[in-house]
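Data first, discussion second: the structure below is written as structure tokens.
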Amino acid sequence: MDEKQLVATVLSGDEGALRILIGKYERLVAHMVARVVPDDMDREELCQDVFIKIYEKLNTFHFDSKLSTWIATIAFRMAVNFAKKKRLDQVDFDSIEFQVPDSTRSFEDEDLSRFVVKLVDQLPSSYKLVLTLFYLEGFSYPEIVEITGMPEGTVKNYLHRAKNKLKIIIEEHARKEVELV
Amino acid sequence: MKNFDKIVEDGLRMEPDFKLGLDFKDRVSKLIRSRERISQRKFYLLIVLGMVGIVGAGLGVVLYFADLQAFASLGQIVPLAVLVGALVAGIQYLDKKLVKDKMFKQLA
């Protein structure tokens, strides 16, 4: 079943098609929500609200973009609004003081990559979401522009600055580990 | 020498630990359906209340202002009113079965 058929079947009231739609996109929504919302209960509730909103607005989707892009747009807005409402973003990018643990278990590449995830958690929500959309979900620049409503330059800037900052911290951390050994 | 670009990118491509429950889609679809049923019931209730209000207001006006003798011959058009009502209901039913259902099937 392609996107058009799936949407039409959901709109005709088919519950099975609705479950297929949720199953197909729950991973995308969960990834975006999980990056912004720290508590599992809140995450599950927000994912639920995102899909209810998707269902309510589905009749306004006219295939001007991919269904995944449209769904990500709704998830992005709801995640950002949730972060604002709960005051999860208290610092801006330039003034972040990253909480770096004294030592990782080892400085194998995989452990360092896990360490990156912990650092990403400390970034402002908009950075976390842009990074997730680009690296984890594989959206292109124009798609991220559509999802976030940010200019393409801002999207590229976010990706570049965030990646550079993470790289610098990881490099410093690895160097310290080597010195300790 | 470590490739820090790759380490950072690998980290950024790691999935969050959070997973939605296996029954997530069932729960959400049930919730959506139950919300729909509730809003449909509210809609029907509003229609019924509106109709009761209109009929009640009409009756009130008639009883208060009108000369009841003027409505003495109204009973003669009851069969015609029933026929028109049945005709409208029939057209609605045929429209649903022959036009709208086909339309939704074509869309699906």
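What number, rounded to the nearest 500 deg cm²/dmol, is the helix-based mean residue ellipticity at 222 nm of chain A, given -39500 (n - 2.57) per DSSP H run of at least four residues and division by all its residues?
For chain A, the value works out to -22500 deg cm²/dmol.
If we count every other residue with Cβ under 14 angstrom of A:LEU159's Cβ, Lys/Arg +1 and Asp/Glu -1, where does the sum land?
Neighbourhood net charge equals +2.
Using a 10 Å cut-off around each Cβ of peptide A:20-29, what is the average number of partner chain Cβ atoms that fall inside?
Mean partner shielding for this stretch: 3.
Please report, in cubic angstrom per residue, the volume enclosed by the convex hull of the alpha-carbon atoms of the protein assembly as shown.
192 Å³
Suppose R0 equals 25 Å; then what is the FRET efficiency for A:LYS57 and A:ARG27 from their Cβ-Cβ distance, rounded to the nearest 0.05?
Computed FRET efficiency for A:LYS57 and A:ARG27 comes out at 0.80.
In 5 Å bins starting at 0, how do the alpha-carbon pair distances of the range B:28-107 split up by percent?
Going out from 0 Å in 5 Å bins, the range B:28-107 shows 3, 11, 8, 12, 19, 16, 10, 8, 6, 4, 2, 1 percent.
At 222 nm, what helix-only mean residue ellipticity would chain B give, in deg cm²/dmol to the nearest 500, using -39500 (n - 2.57) for each DSSP H run of four or more?
After summing the helix terms and dividing by residue count, I get -23500 deg cm²/dmol.
Ignore the peptide's own chain and count Cβ atoms of other chains within 10 Å of each Cβ in A:127-133; give me the average, rounded.
Neighbouring Cβ atoms belonging to other protein chains average 1 per residue here.
Using a 10 Å cut-off on Cβ atoms, rank the peptides B:67-80, B:14-27 from the highest mean neighbour count down.
So the peptides B:67-80, B:14-27, ranked by packing, come out B:14-27, B:67-80.
Taking every residue in B:28-37, how many Cβ atoms of other protein chains lie within 10 Å of its Cβ, on average?
5
Run the reach check for B:LYS19 against lysines, Cα to Cα strictly under 17 Å, same-chain hits fewer than 8 apart removed. What comes back?
Counting by Cα, and skipping residues close in sequence, B:LYS19 has these lysines nearby: A:LYS24.
Just tell me, in residue order, which DSSP H segments of chain A are both 18 angstrom or longer along the helix axis (alpha-carbon based) and at least -1.0 in mean Kyte-Doolittle hydropathy.
A:15-36, A:40-57, A:67-85, A:152-180
By counting other Cβ atoms within 10 Å of each Cβ, how are B:MET103, A:MET78 ranked from fewest to most?
B:MET103, A:MET78
Rule-based calculations on the coordinates, nothing more; no lab input. Computed from a predicted structure; not experimentally measured. Note that we place each Cβ from the backbone using ideal geometry, even for glycine, and neighbour counts take in every protein chain shown.
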